[in-house]
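Note sheet for the following structure.
Every read-out reported here was derived from the displayed coordinates using simple, explicitly stated rules and does not represent laboratory data. On a predicted model such as this, the values are computed, not experimentally measured, just so you know. Cβ: placed from backbone, ideal geometry, glycine included. Neighbour counts: every protein chain shown.
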Amino acid sequence: MRFGPFSMVALALAAGAVDALSFLALGQVFTANMSGNLVLLGLALGTGDTSHIIRSGVSLAAFCLGLALGFTLLGRAPPGRDVPSSREPGVPARPLAVLLAELALLLVVAAGWTARALPGPALIAASGTAMGLQSAVTRWAGGPGLSTTYVTGTLTSLAGRMVGPHSGVLRPLAVVVSVTAGAVVGAAALCLHAAVAPFAAPVMVAAAIAAWPLSARGPRRPR
C-alpha cells in the first residue's frame, strides 16, 4: 500500500521542520538530511571542531540506527509489495509500527526540549533515529524515486520525469516544496514561540498516520 499524497506531504513537512530545529537550535547539525550532515561532518573534521564532530557523528549514527530498526520492523518485503494484502482495510501493521515509533521519538524530543530535561546529543540522537525510521518507511511505501529526507534523489526524479517520457511530477514536486515549507514553519516557530517549535513535527507525523488509510492508493500499476 502506497502513501496517499497528503501523508507523503505531511512527512516531508515534518522532515523540513526537524532539520530547521536541529540546525538552528541543536548546534548546526542536520538530523533528516544526511547529505548535508555528511558535508558538515567533513567540514568539522577538516577544521578540527570536536564538538561539531560529535554532534554530526551522533546524528549520522542515530540515522543509521533508525534505518536498521525501520527495515527490520518492515521485514524483507520489497517496496510496492503490501504487508498485509492491500485488500485489507487500514494501514499495514509493519509500516504503521515504524511511523508510531517515529512519532514517539519526536514526542520525546519535543518533551525533552520543552522541559530542558535532555542534553543536546540525546535530542540529536532521538531526532536522527526518528528520521531514519521515516526514511525506511517512505522507501517502503513512498514509491520509486521518492524520499522525504533524501531530497536530492527526489529532486533528481522530478527532473527526470519533467524532461523524460514519465508522468507523475506532482508527487515529487510536492515533496520538494513541502520539505522547504516545513523548514520555514520550523524556523518561524523557533523565532515566534520556541517552546512549541519541536511539536510541529510530531503533529505532522500524526496527521500523516491519520490520513494514510483515508487517502492511500491500492496496488501499484505498472508504469
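Couple of notes before you dig in:
- Potential lengthening of the chain between Ala122 and Ser35 amounts to 29.2 nm, from the contour at 0.36 nm per residue minus the alpha-carbon distance.
- Full-stretch length increase - Thr47, Cys64 - with 0.36 nm per residue and alpha-carbon distance subtracted: 3.7 nm
- Footprinting exposure proxy for Arg116, Arg139 (fewest neighbouring C-beta atoms within 10 Å first): Arg116, Arg139
- The gain in end-to-end length when the Val169 to Leu192 segment is fully stretched comes to 4.9 nm, 0.36 nm per residue minus the alpha carbon separation.
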